[in-house]
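Beneath this line is the structure, given in structure tokens, with notes to follow.
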Amino acid sequence: MTFSQRAGDLMTLLRSRRSVRVFQERPVPEALLEQVLEAARWAPSPHGRQPWRFVIFSDRERKERLIERMSAAWEAQLRLDQQPEEIIALRLEKSRQRIRQAPVLILACLYLEDLDRYPDAERQENERIMAIQSLGAAVQNMLLMAYELGLDTGWMCAPLFCPTVVCEALELDRRLHPQALITLGYAAADPKRRPRLPLETLVIRLDRRRSGEREEGDVS
């Protein structure tokens, strides 16, 4: 077992994790990759079914095949958004480089075959949404464990917008539903951190006081 290398406590770990887009060529040791994947296995999931699968690859041939197939889909979508040509070219090249430079790629997929089945569409959709929520928890476990082990990650949502293309490029079982591509390696530079919203913006408090507590101005 590898012990903490970066964080002395959980809150420090949560605040320190960052999204990296440029990686060193340094390879990721297999033992560390296994620990990252093991962390995902312990995420909460609906009925304990773990409705996710993780496709791991690092070879250049698969990367280039994925880039080639996804680039066409990306370009079509950017043109649909009426993006200027120079912006389309820039965004495509940045995305390609993120995939090429990452020592390891982890494709996070939904796997819905083991979920409960319902006779009505509404509950079945809710079951699918629960699976998506749990996949997010599994990915977060991986991101945090990776950072704890001295690694860095990036979360690319592009596969969600062209899942069929991704499955074809990697010759995957069609029962897998690609949701995200996680880049894994050692950061080549410290990324710029995006600011977080203040807690008072994110939290809606329905009960301001605990039982028995008084606020200023209360009459006794």
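For this structure, a couple of remarks:
- Across the accessible surface of the chain, with the other protein chains kept in place and a 1.4 Å probe, carbon and sulfur atoms take up 51 percent.
- Under a model in which nothing but the beta-carbon of Lys, Arg (+1) and Asp, Glu (-1) is charged, segment 155-212 shows a dipole of about 620 debye around its Cα centre.
- In the assembled protein chains, residue 168 presents an accessible area of approximately 90 Å² (probe radius 1.4 Å).
- Top of 178, 191, 84 by mean-square fluctuation, Gaussian network on the chain, Cα under 10 Å: 84
- The alpha carbons of segment 96-151 stretch over 46, 27, 16 Å along the principal axes, in descending order.
- Ordering 72, 158, 201 by the projection of their Cα atoms onto the charge dipole of the chain, which places +1 on the Cβ of Lys and Arg and -1 on the Cβ of Asp and Glu, puts 201 at the extreme positive end.
- Between segment 127-199 and segment 25-56, the C-alpha centres lie 11 angstrom from each other.
- Charge dipole (debye, nearest 20) of segment 97-165; +1 at Cβ of Lys and Arg, -1 at Cβ of Asp and Glu: 380
- Note on residue 130: accessible area approximately 70 square angstrom, rounded to 10, probe 1.4 Å, nucleic acids and ligands left out.
- Solvent-accessible heavy-atom area per residue, rounded to whole Å², over the chain at 1.4 Å: 64
- Highest mobility in the GNM of the chain, judged by mean-square fluctuation with C-alpha springs under 10 Å and restricted to 206, 92, 151, is found for 206.
- With bins 5 Å wide beginning at 0, the percent of Cα pairs of segment 3-133 falling in each bin runs 2, 8, 12, 14, 14, 16, 15, 12, 6, 1, 0.
- Estimated D of the chain in µm² per second, where Rh is the Kirkwood radius over Cα pairs and Stokes-Einstein applies at 25 °C, 0.890 mPa s: 124
- Low-density loop cleavage sites - chymotrypsin sites (Phe, Trp or Tyr not before Pro) in segment 1-106, where at most 12 other Cβ are within 10 Å (DSSP): 3, 42
- 18 Å reach of a label modelled at residue 175, 7 Å along Cα-to-Cβ, counting backbone N of segment 99-116: 108-116
- Its Cα centre serving as origin, the chain has a Cβ charge dipole (Lys and Arg +1, Asp and Glu -1) of approximately 480 debye.
- With the whole protein complex present, residue 47 retains an accessible surface near 90 Å², based on a 1.4 Å probe.
The values are calculated or read from the model by the stated rules, or taken from the named source; none is laboratory data. All values reported here derive from a predicted model rather than from experimental measurement. Heads up, the Cβs are rebuilt from the backbone with ideal geometry, glycines too, and the neighbour counts pull from every protein chain shown. Note: accessible area is taken over every heavy atom of the protein model, side chains too, but ligands, DNA and RNA are not part of it. Shrake-Rupley method; radii C 1.70, N 1.55, O 1.52, S 1.80 Å.
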